[in-house]
1. Just need the Rg to Rh number for the protein assembly as shown, please, alpha carbons only, Kirkwood Rh.
2. Which values, in whole Å and largest first, are the semi-axes of the equivalent ellipsoid of the range B:53-117 obtained as the square root of 5 times each eigenvalue of the Cα gyration tensor?
3. Take peptide A:35-41, look around each residue's Cβ out to 10 angstrom, count Cβ atoms belonging to other protein chains, and average those counts.
4. Note down the magnitude of the dipole of the range B:30-116 about its Cα centre, charges +1 on Lys and Arg C-beta and -1 on Asp and Glu C-beta and zero elsewhere, to the nearest 20 debye.
5. What is the local net charge at A:Ser26, summed over the other residues whose Cβ is closer than 14 Å to its Cβ (Lys, Arg +1; Asp, Glu -1)?
6. Across peptide B:32-43, how many C-beta atoms of other chains are within 10 Å of each residue C-beta, on average?
7. If you take the Cα atoms of the range B:28-83, find Rg, then find the Kirkwood Rh from the mean of 1/r over all pairs, what is Rg/Rh?
8. Which cysteines in the protein assembly as shown lack any other cysteine whose Cβ sits under 4.7 Å from their own Cβ?
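Since every read-out is calculated from the coordinates, none of them should be taken as a lab result. Predicted model, so just to flag it, every value in this text is computed and none were measured. Every residue, glycine as well, gets a Cβ built from its backbone with ideal geometry; the counts of neighbours run over all protein chains shown.
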Amino acid sequence: QLLEQSPQFLSIQEGENLTVYCNSSSVFSSLQWYRQEPGEGPVLLIALYKAGELTSNGRLTAQFGITRKDSFLNISASIPSDVGIYFCAGQGTQGGSEKLVFGKGTKLTVNP
Amino acid sequence: GAVVSQHPSWVICKSGTSVKIECRSLDFQATTMFWYRQFPKQSLMLMATSNEGSKATYEQGVEKDKFLINHASLTLSTLTVTSAHPEDSSFYICSARVLAGGIRDTQYFGPGTRLTVL
């Protein structure tokens, strides 16, 4: 199972909105978005469990695709502290389904 | 959210020595914990799945004799890197699985341990 994440790099101005995408040919039982800062572990931002589920966490909004194969994460009104690497991670539906499959990450830079 | 801690946060050791890294779930019990390895500018790579009271399940290509995992209690899993070599230098991250009933299965990550082998 592979998760394709795009874009790989994103550089925006403070106050702008941004969207990160994640898609796969595989079906996932859940899809989670994490943010990681240098030298730290990933921090859970949003977890999605139902097909089509749309969830917000402050300025962050994420949706799980109807087919459970894709998702997006939107950040509105970006601020400098939003910088970091954003990962999507899908939980499989087959045996060993407790494992998470990670995308390669999106490195976000926010310019003041 | 659930809190996972790791100790130490960084360690430097000489080649040939063994290093133990602890992963604790602080405010919940975790029957399943996971150990990941992350190289610079790369994503997380799952090394093994640790289940309380049973042997860990290692991913393909991960040497079980080199990376010893013990999950002796519902709040503690340890990873021991035996006979460490410079190529074992990496960022090691653990996570703990929280089951909130039904399908709401979420993993929370520790802050990571930076291992440098000289």
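1. Values: Rg = 17.6 Å, Rh = 18.1 Å.
Radius of gyration relative to Kirkwood radius: 0.97.
2. On the way: eigenvalues 125, 41, 24 Å².
Value: 25, 14, 11 Å, ordered largest first.
3. 5
4. Rounded to the nearest 20 debye, it is 180 debye.
5. Summing Lys and Arg as +1 and Asp and Glu as -1 gives +1.
6. 3
7. Radius of gyration over Kirkwood radius for the range B:28-83 works out to 0.98.
8. Result for the protein assembly as shown is B:Cys13, no neighbouring Cys Cβ within the cutoff.
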